[in-house]
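Structure, as structure tokens:
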Amino acid sequence: MLDTTSLTRAVDHFADRLRAAPQSRLQRGAAAEALGLARELALRAQRVEDPTGEPREMPEAGMFAAADQITVAAHDLALVLSDEAELAEAVALVEEAQKRAGV
């Protein structure tokens, strides 16, 4: 079994920073960046679970839900990953999104 602790730590850190961010920061793009990340992570998990299925897009649940959305999507992805390279790529996606979000 793949040790996905690095992904869990990275996304939990990003989510904590989003939860602590002022509303103005979320409105200036941090929440949108998080939603984009959540959608990408969810899509990756769906591709692993059902490669031939029609992908479903994670809905926008509002800026205050962005932290929860990335957490759920990352934990879902962590459950289905089986490759170190895919894990490293997911961690990099989270870290890059956090930098772009500015939190």
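The values are calculated or read from the model by the stated rules, or taken from the named source; none is laboratory data. Note that this is a predicted model, so its numbers are computed, not measured. Note: ideal-geometry Cβ built from the backbone for every residue, glycine included; neighbour counts use all protein chains shown. Heavy atoms of the whole protein, side chains included, go into the accessibility calculation; ligands, DNA and RNA do not. Shrake-Rupley method; radii C 1.70, N 1.55, O 1.52, S 1.80 Å.
Of everything listed in (1) part of a helix (DSSP H, G or I); (2) farther than 16 Å from Leu7 by Cβ, the single unmet condition for Ala45 is (2). Surrounded by fewer than 14 Cβ atoms within 10 Å (Cβ to Cβ) and modelled with pLDDT under 95: is that true of Asp16 in this structure? For Asp16, the condition - surrounded by fewer than 14 Cβ atoms within 10 Å (Cβ to Cβ) and modelled with pLDDT under 95 - is not met. One residue stands out among those in region 45-55 that are in contact with a helix residue (DSSP H, G or I) (Cβ under 7 Å, 6 or more places away or on another chain) and open to solvent by 60 Å² or more (accessible area, probe 1.4 Å): the one that is farthest from Leu87 (Cα to Cα), which is Pro55.
Filtering region 52-71 to residues that are in a loop (DSSP other than H, G, I, E, B) and of a type outside the set (Asp, Glu) leaves Thr52, Gly53, Pro55, Arg56, Met58, Pro59, Ala61, Gly62.
Per-residue answers, yes or no, for (1) in contact with a His (Cβ under 9 Å, 6 or more places away or on another chain); (2) modelled with pLDDT of 95 or more; (3) at positive phi:
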| residue | (1), (2), (3) |
| --- | --- |
| Ala31 | no, yes, no |
| Leu37 | no, yes, no |
| Glu40 | no, yes, no |
| Arg44 | no, yes, no |
| Gly53 | no, no, no |
| Pro59 | no, yes, no |
| Gly62 | no, yes, yes |
| Ala67 | no, yes, no |
| Ile70 | no, yes, no |
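Within region 20-73, the only residue that satisfies the criterion of being of a type in the set (Ser, Thr, Tyr) and under 18 Å from Thr8 (Cβ atoms) is Thr71.
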